[in-house]
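Here the structure comes first, spelled out in structure tokens, and everything after it is commentary.
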């Protein structure tokens with residue numbers, strides 16, 4: 001697998017005293033898995049100290065000084081900090097640095113209490129955001145003009161991605177990876193890390209691609225990869241069985257057992273997931289979208305849509321266009 005034709009993606013990580021270990025290593029493992037599978041990522045770590053205490057007797061070193069001039073970044077990650085580990089002598093300067101250089105990043109990712117740092121820098125004003133459930137009140141104090149939400153694991157609003165922290169940083173990074181490099185690579189990373197992605201309620205797109213993949217059957221995974229890659233094809237049960245290298249009867253039984261749905265239902269869900277994405281991101285007609293996702297025409301799309309959605313495609317599109 002290779003990344004789309006483009007220059008290397010640049011990721012910066014702000015390394016501050018008191019850092020929560022999993023806030024760093026969870027999202028970074030997603031990036032390193034993507035680097036291993038596809039390449040094309042450059043990650044830098046910078047902060048106010050060249051080394052810092054991290055986890056018991058372990059320390060982190062090799063941290064670059066905070067750059068006076070920050071080159072453009074595709075992503076700037078701000079992991080959370082334990083309150084007791086914050087250095088009050090360094091924190092104000094780091095907030096000021098973030099305020100001055102945040103505009104150089106296409107996306108700012110605040111993980112757990114990293115959202116508080118974005119708020120202190122005035123970067124969440126007027127935006128939807130979240131943080132760890134124990135810090136929601138503090139986030140509201142620091143960003144009174146923000147729309148703080150506690151009913152989700154992460155939220156994306158404009159250039160800001162904020163998460164509830166700890167393990168949800170992994171979900172957040174998978175979401176960013178999907179946005180920048182596509183669901184196929186995100187699926188491969190999730191499989192590499194043996195992950196099951198949870199739905200956030202606000203950003204459901206990636207979860208749709210990973211539904212039915214919380215298993216370890218390599219033949220079913222191979223078929224699911226083929227379906228994802230070739231949605232426009234006219235798949236038959238026989239063709240699916242060939243892709244999975246098993247009989248049709250065995251495929252039907254095995255697919256339901258590991259994925260919780262039939263192969264045909266899984267394919268329909270994939271097609272509708274891509275249809276939702278195209279409805280949200282393009283001005284295309286339903287007929288064009290139906291052809292693009294392998295559902296033939298808008299009548300077939302509406303028929304499949306009605307099985308899974310309460311509102312019509314037009315209502316869904318209007319609501320999501322408004323929220324976007």
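Which of the residues belonging to the range 50-85 are free of Cβ contacts under 8 Å to residues at least 60 places away in the same chain, touching a helix residue (DSSP H, G or I) at 6+ places or on another chain (Cβ under 6 Å) and part of a loop (DSSP other than H, G, I, E, B)? Within the range 50-85, 66, 70 qualify. What about residue 5, is it at pLDDT 95 or above and assigned to a loop (DSSP other than H, G, I, E, B)? No: the conditions fail for residue 5.
Quick test for you: out of 135, 117, 124, 174, pick the one residue that is more than 18 Å from residue 14 (Cβ to Cβ) and either part of a helix (DSSP H, G or I) or without any contact (Cβ under 8 Å) to a residue 40 or more places away in the chain (or both). Steps first, answer last, please.
Values: 135 fails: more than 18 Å from residue 14 (Cβ to Cβ); 117 fails: more than 18 Å from residue 14 (Cβ to Cβ); 124 fails: more than 18 Å from residue 14 (Cβ to Cβ).
One residue alone meets the criteria, 174.
For the range 149-171, the set of residues classified as at pLDDT below 90 and either part of a helix (DSSP H, G or I) or outside the structural domain of residue 106 (by TED's automatic domain parsing) (or both) consists of 168, 171, listed by residue number. Only one entry of 92, 88 meets the criterion of being assigned by TED's automatic domain parsing to the domain that holds residue 170 and part of a helix (DSSP H, G or I), and that entry is 92. Among the residues making up the range 216-225, those that are at pLDDT below 90 and surrounded by 14 or more Cβ atoms within 10 Å (Cβ to Cβ) are 217, 221, 225.
Looking at 195, 206, 187, which one is in a loop (DSSP other than H, G, I, E, B) and either at pLDDT 85 or above or within 13 Å of the chain's Cα centre (by Cα) (or both)? So that I can check it myself, show each step before the final result.
On the way: 206 fails: in a loop (DSSP other than H, G, I, E, B); 187 fails: in a loop (DSSP other than H, G, I, E, B).
Exactly one of 195, 206, 187 is in a loop (DSSP other than H, G, I, E, B) and either at pLDDT 85 or above or within 13 Å of the chain's Cα centre (by Cα) (or both), namely 195.
Taken over the range 252-262, the criterion of being in a helix (DSSP H, G or I) and touching a residue at least 24 places away in the same chain (Cβ under 8 Å) is satisfied by 254, 255, 258, 259.
Just one of the numbered conditions (1) touching a helix residue (DSSP H, G or I) at 6+ places or on another chain (Cβ under 8 Å); (2) in contact (Cβ under 8 Å) with a residue 40 or more places away in the chain is not true of residue 312: (2). Taking the range 228-244 as the range and being exposed (fewer than 12 other Cβ atoms within 10 Å of the Cβ), within 31 Å of the chain's Cα centre (by Cα) and either at pLDDT 95 or above or not in a helix (DSSP H, G or I) (or both) as the test, only 234 passes. Just one of the listed residues (94, 129, 112) is free of Cβ contacts under 8 Å to residues at least 40 places away in the same chain and buried (at least 20 other Cβ atoms within 10 Å of the Cβ), namely 129.
The values are calculated or read from the model by the stated rules, or taken from the named source; none is laboratory data. Note that this is a predicted model, so its numbers are computed, not measured. Note: ideal-geometry Cβ built from the backbone for every residue, glycine included; neighbour counts use all protein chains shown.
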